[in-house]
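Notes for the one structure printed next.
The values are calculated or read from the model by the stated rules, or taken from the named source; none is laboratory data. Note that the structure is predicted; figures quoted are calculated from it, not measured. Every residue, glycine among them, receives a Cβ derived from its backbone with ideal geometry; neighbour counts consider all protein chains shown. Just the protein is used for accessible areas: all its heavy atoms, side chains included, with ligands, DNA and RNA removed. Shrake-Rupley method; radii C 1.70, N 1.55, O 1.52, S 1.80 Å.
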Amino acid sequence: MSDLEIKNKIAESGLVNFDLSKLVPQGKRIGIDLKDFLFEGMILKEKDFREKINAIDTEQYSSAYLYIYNSAEAIVPLWAYFLLTAKLTESSKKIVFGNREDLEVLLMHNAIQTYDFTDLYGKRVLVKGCSDERIPENAYIELVEQLKPVVKSLMFGEACSNVPIFKN
């Protein structure tokens, strides 16, 4: 019966699967448009702006990742971003200026830079190619930078169909 035994050659190969989506920080993402704090959506009046900032219920941003953007044609002074950030920083996990993609790039950057890759030292690593999570392309670039000096070899894709990237 040993002739009919099914072998999992992938499991026996010593290949380690690495799913980058496991590093995606979990939590709400919320965009805040500065236009909503401007007089008639176009002009920053300091007194009105400060009142609107002070009236923010920070509970809605509790433990969320925030991105601040300005969809208005108005020029907004930098101190306005300071005020808004100072109000929200205690309740939120992270705040960035830009769009949702900018936030995701920064979150993945931080996750990759702080991840401990020592378990992958000297291993053959396959980075999973498909994910339900949206992973910024930059995360893959940063991952290769981190893995190149650590792993024996790196591949991308799925075990049944992968692309060799490098061998050390």
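Can you name the residue in region 46-87 that is of a type in the set (A, V, I, L, M) and in a helix (DSSP H, G or I) and is also surrounded by the most Cβ atoms within 10 Å (Cβ to Cβ) among such residues?
Leu84
Arg124: touching a residue at least 40 places away in the same chain (Cβ under 8 Å), over 27 Å from Lys45 (Cα atoms) and among the basic types (Lys, Arg), yes or no?
Judged against the criteria, Arg124 is a match.
Report the residue count in region 28-45 for those that are touching a residue at least 24 places away in the same chain (Cβ under 8 Å) and either surrounded by 14 or more Cβ atoms within 10 Å (Cβ to Cβ) or in a strand (DSSP E or B) (or both).
Counting residues in region 28-45 that are touching a residue at least 24 places away in the same chain (Cβ under 8 Å) and either surrounded by 14 or more Cβ atoms within 10 Å (Cβ to Cβ) or in a strand (DSSP E or B) (or both) gives 12.
If the requirement is being more than 14 Å from the chain's Cα centre (by Cα), at pLDDT 95 or above and of a type in the set (D, E, K, R), which of these qualifies: Lys94, Lys9, Lys87? Full working, then the answer.
Values: Lys94 fails: more than 14 Å from the chain's Cα centre (by Cα); Lys9 fails: at pLDDT 95 or above.
Only one candidate passes the filter, namely Lys87.
Step by step: first the residues of region 88-103, then only those that are outside any helix (DSSP H, G or I) and of a type in the set (D, E, K, R), then the one that is surrounded by the fewest Cβ atoms within 10 Å (Cβ to Cβ). Which residue is that?
Start the filter on region 88-103 by keeping residues that are outside any helix (DSSP H, G or I), which leaves 89-99.
Keeping just the survivors that are of a type in the set (D, E, K, R) gives 90, 93-94.
Numbers: Glu90: 9, Lys93: 16, Lys94: 16.
Across region 88-103, the extreme among qualifying residues is Glu90.
Is it fair to say Leu126 is over 30 Å from Pro149 (Cα atoms), part of a strand (DSSP E or B) and open to solvent by less than 80 Å² (accessible area, probe 1.4 Å)?
Judged against the criteria, Leu126 is not a match.
Consider Ser63 carefully, then state whether it is touching a Gly at 6+ places or on another chain (Cβ under 9 Å) and either over 22 Å from Phe166 (Cβ atoms) or of a type in the set (S, T, N, Q) (or both).
Yes; evaluated as a whole, the condition is true for this residue.
Taking region 142-163 only, how many residues are open to solvent by less than 40 Å² (accessible area, probe 1.4 Å), of a type outside the set (A, V, I, L, M) and not in a helix (DSSP H, G or I)?
The qualifying residues number 2.
In the set Ala111, Ala139, which member is open to solvent by less than 70 Å² (accessible area, probe 1.4 Å), more than 22 Å from Phe166 (Cα to Cα), within 17 Å of the chain's Cα centre (by Cα) and not basic (Lys, Arg)?
Ala111
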